[in-house]
Each structure stands twice: as C-alpha cells, then as structure tokens.
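Below is one structure, written out as structure tokens, with a few remarks after it.
The values are calculated or read from the model by the stated rules, or taken from the named source; none is laboratory data. Note that the coordinates shown come from a computational prediction; the quantities given were computed from them, not determined experimentally. As a convention, Cβ positions derive from the backbone with ideal geometry for all residues, glycine included, and neighbour counts pool all protein chains shown.
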Amino acid sequence: MDQPDNPDRRSDLHKIADHAADYLESLPGRHVGGTTTAPDMERPFPETGTPADVVIDELVRDIDDGLVASAGPRHFGFVIGGATHGSLMADWLTSAWDQNAQVYLTSPAAAAAETIAARWLLELLGLPTDASVGFVTGCQMANFTALGCGRDAVLRVSGWEVERQGLFGAPQVTVLMSECGHATVRSSLSMLGFGEGQICEIASDQEGRIDLEVLRTEIESRSGTPLIVSLQAGNVNTGAFESVGDVADILKEQNAWIHLDGAFGLWAAASPKLATRLDGVDRADSWATDAHKWLNVPYDSGIVVIKDPAQHRRFKSARCAYTGEESDQRRDGSSWVPENSRRARGLVLYAAIRELGRSGIREIVERCCGLAQRVASEVEKLPSGQVVNDVVLNQVLVRFSPPDVDDLDAFHAEVAERIQSDGKCWVGTTEWKGQTVLRVSVCNWQTTEEDIDVLIGVMKDQL
Ligand SMILES: *Cc1c(COP(=O)(O)O)cnc(C)c1O
C-alpha cells in the first residue's frame, strides 16, 4: 500500500509524466487503431496488493497495443477531439486535487471554476447570458438533462407539476425530431419515460435535416398539446444544421420546448464565418454540447444549457441536509446535473478556454472545417471518388464506385477495414441514405494538411 509519506511519490509522478510524454510523442507515428482486440492485461483476482509503480509500469506495457490513438491527428472516426496541452495538464491536476464538485462546501475552487466557465461558454457559444449551465459527463447526459427539463416545462404549462404529481397519469407529451436525430437523444427520451408512441420521427432531406413542411403539418395536427421539438446543430454524419429560427417561427404560441443537440456543431459559434449556420440559435430553450469533442479537452466533458434557470433548478430539487445553502455566490454544481458527487471538470474547462481564448478556439474550428474541405476536394480527384454530403462543417461522407465492383456496400466496409489495419489513419463507415459510405470527421486540434494528404494517400492505396 502507498503510504502518505511515501518518499517515492514525487519520483513516481515524474515517471508518469515521462510515460505520458512518451505516449504523446508516439502519436504521430503510431498505428492509429489498436493492433489487438484483447490487450494482454488478464490476471487472477489480486488477493494482495502490488506496489503502485509496478502496477503502472506493467499497465503501460500491457495496454499499449490496445490503445487507439484517437488523441492524435489522424483518427478521423466518430467525432473525437484530442486534448490540448493546457487541458491535459489541468486534467491531471484535477485528479491530484481530487475535488468533489458536488456543492460549494465541498470545493469553492471547483464551484468558482464552473461559475466562470459557464459565463465564458455562454458568451462564446452565443447563448443567452442569463441561462443556466450544468457540467456533465458528455452530450448524452446533456441531452438527458435538457429533455427532462423540457418534459417538465411543457407539462407545467399544461397544468401538471411533475415535482408534485409525478409522471403517471400526466398528459401526453409528443417529441418531434428528425429520423436522423442522434441515438443519445432517443436513449435520453426512453430514460425519461417516452415510448416509441410518443416520438414522432420526421422525414429528413438529403443532408439529414428535418423536413419543415412535414414538421409544420405534424405540429398543426397536435395544436394545443404539449410538444418537444428536438433539433440538431451538426448532424453526426453530414454536419448539417437544422434551423432553430425556422422551427420557432412554425411553433409560434404553441406550448413547446425546443432542444438543440449541438454536440460538436454548436462550436461553429466560435467562428464568425460559420456562426451564420446557427440561425436563431438563441431561440431554443435548451442546448447540449460536448467539450471533449471540438474544444479538445480530455474525456469526460459535456455541457447542458437551459434558458430558464428556474426550470433547470426544479429538475433536481432534493438536497442532502448537510450540503449548506446555495446562492448566486455559492454555486452547487450538482444542482444542475443528474450526478451528485462529481469530478471537477469545470477546472479543465476554465484552463482550456484561457489557454486558447476566443481566437484559439476559432482557429481550431476553422482549421478543421478547412481540412474537411480539403478532404472533399481531394476525394473528388480520386478515380470514382465522390463526396455525398454538402460539406458545411467538419464531416465528409465518401463513396467510391469502381466499375468492376458489384456490391459497393460490402466494398466500403472492406476498404474501411483495410485502412484501419494499415494503421496510418482511422476511418469508419456509416449508413447514409441506404448506402454504406466512408465517414471522415476532422476534430483534432493537431490535424494538419499533411495529415489529410496521408489520409488521401491511404484511401488511394486501399481502394
Ligand atoms: C457525440 C454526439 C452525441 C453524444 O455525445 P457523448 O459525448 O458521446 O455523450 C450526441 N449528439 C451528437 C450530434 C453527437 O455527435
């Protein structure tokens, strides 16, 4: 067991810093996907302890081929950011400080970091400055919290108080969303008590945006009933934006809540050039986003924003008797999120936003979008290469149609596998409008033009 006065502690921590630096330096040259599906870490249940430095040395050795270099510049799968220098350092210290960001009393420092980071984020993202902010694990929990607030708010307007009356017997609430809404919106809704019968999935256009005319008809047919409309800024495949402004115009005086899932798309607000895509963004009632994607902070870091702080506060009203009084000057972080005891991730956000500033965040977002354009124009130059989405952000969908291939869907799955086992880049597939395509997401602060050229070379080689 480690002793409180362990003389090795300092040297062990320095060693860890070396392990971390070794790993980070290896990123540009590493096989991007893991090279094994089963890293050799298996051991019998440890009846007795092992010195921590031995555990760590062996872990570093055993885990290596199971690591995915998603922190590096050539992982183009999912939508995955890396970790900037400052955010990583703040994240390490957050573990060392081991603050509980539950309430003000458990860490005034964590509370202050959240208060300030919240203010900065609202300003950066162009959201109402008096909205309330919660710091959660990721966009899944941000969507959950926001949709929960929406559910309770529209029921409240219908004369039903969830806090007092619960959900059983409540009036029916319908959720309208595009068929292309993110899976985490659906799972949030199911955790919040919505069944398939209460979710109205609406056809989408070529880019995955909700069809506004169908939406209008569905809204009119439900006139007078409580509604939630869940929209997306940054479709997870195409990067397309649904317009909050248009939907707000359709809803007019209807008892409705507009939620915007902007896991990565909301960061377009950091760029004056791209912010025009977020038309009417401040007319939504709630927003969800991820900092571990485009802000490039380490996992886990999601953000939920609610326009009406009173509604936000009601979503979770029970308090432990020993937690002290909450006030404007004494933020209780757990009042705004589903969790109770929690990591002080506000400290990392505070450091990351200071490190980059508005100009640095803007630069990362614009560079990734510029690189996505480069992917698109280079793909179009490859034989039978075609970009099937309108590249409005950082997402590119690619389809090849070599004349000698019959089953193009299977072909794309094989090409992705070949790219992944080649290891210079990581690219996955997705289903888009009934076809399997390669999906390229540019979201890492370190990705450069040379990395894109490597990607294009790999595609060429593996076709
Ligand atoms: C990534 C993503 C989510 C889920 O976010 P997590 O951080 O994985 O919880 C939700 N919506 C969209 C559009 C996303 O891209």
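Considering only residues of the stretch 171-191 that are assigned to a loop (DSSP other than H, G, I, E, B) and within 16 Å of the ligand (Cβ to nearest atom), which is surrounded by the fewest Cβ atoms within 10 Å (Cβ to Cβ)? Here the answer is Glu179. When Glu253 is tested against (1) modelled with pLDDT of 95 or more; (2) away from the ligand (no atom under 16 Å from the Cβ), just one condition goes unmet, and that condition is (1).
Restricting Phe144, Phe135, Phe168, Phe194 to those that are in contact with a Gly (Cβ under 6 Å, 6 or more places away or on another chain) and either away from the ligand (no atom under 16 Å from the Cβ) or closer than 25 Å to Asn340 by Cβ (or both) reduces the list to Phe135.
Among all positions in the stretch 67-87, there is no residue which is away from the ligand (no atom under 16 Å from the Cβ), among the hydrophobic types (A, V, I, L, M, F, W, C), part of a helix (DSSP H, G or I) and surrounded by 15 or more Cβ atoms within 10 Å (Cβ to Cβ).
Arg30 meets the stated requirement of being closer than 20 Å to Val442 by Cβ, surrounded by 13 or more Cβ atoms within 10 Å (Cβ to Cβ) and among the charged types (D, E, K, R). For the stretch 276-293, the count of residues that are touching a residue at least 40 places away in the same chain (Cβ under 8 Å), in contact with an Asp or Glu (Cβ under 8 Å, 6 or more places away or on another chain) and away from the ligand (no atom under 13 Å from the Cβ) is at least one. Looking only at the stretch 373-412, filter to residues that are basic (Lys, Arg) and free of Cβ contacts under 8 Å to residues at least 60 places away in the same chain; which one of those is surrounded by the most Cβ atoms within 10 Å (Cβ to Cβ)? By that ranking, first place goes to Arg399. Checked against the criterion of being free of Cβ contacts under 8 Å to residues at least 12 places away in the same chain, more than 18 Å from the chain's Cα centre (by Cα) and part of a loop (DSSP other than H, G, I, E, B), the stretch 234-257 has at least one qualifying residue. Being hydrophobic (A, V, I, L, M, F, W, C), within 16 Å of the ligand (Cβ to nearest atom) and assigned to a strand (DSSP E or B) holds for only one residue in Leu121, Leu231, and it is Leu231.
Could you look through the stretch 285-330, keep only residues that are crowded, with 24+ Cβ neighbours inside 10 Å and among the charged types (D, E, K, R), and pick out the one that is nearest to Phe135 (Cα to Cα)? Here the answer is Asp290. When you check Ser107 against the structure, is it within 16 Å of the ligand (Cβ to nearest atom) and surrounded by fewer than 23 Cβ atoms within 10 Å (Cβ to Cβ), yes or no? Spelling it out, it is not the case that Ser107 is within 16 Å of the ligand (Cβ to nearest atom) and surrounded by fewer than 23 Cβ atoms within 10 Å (Cβ to Cβ).
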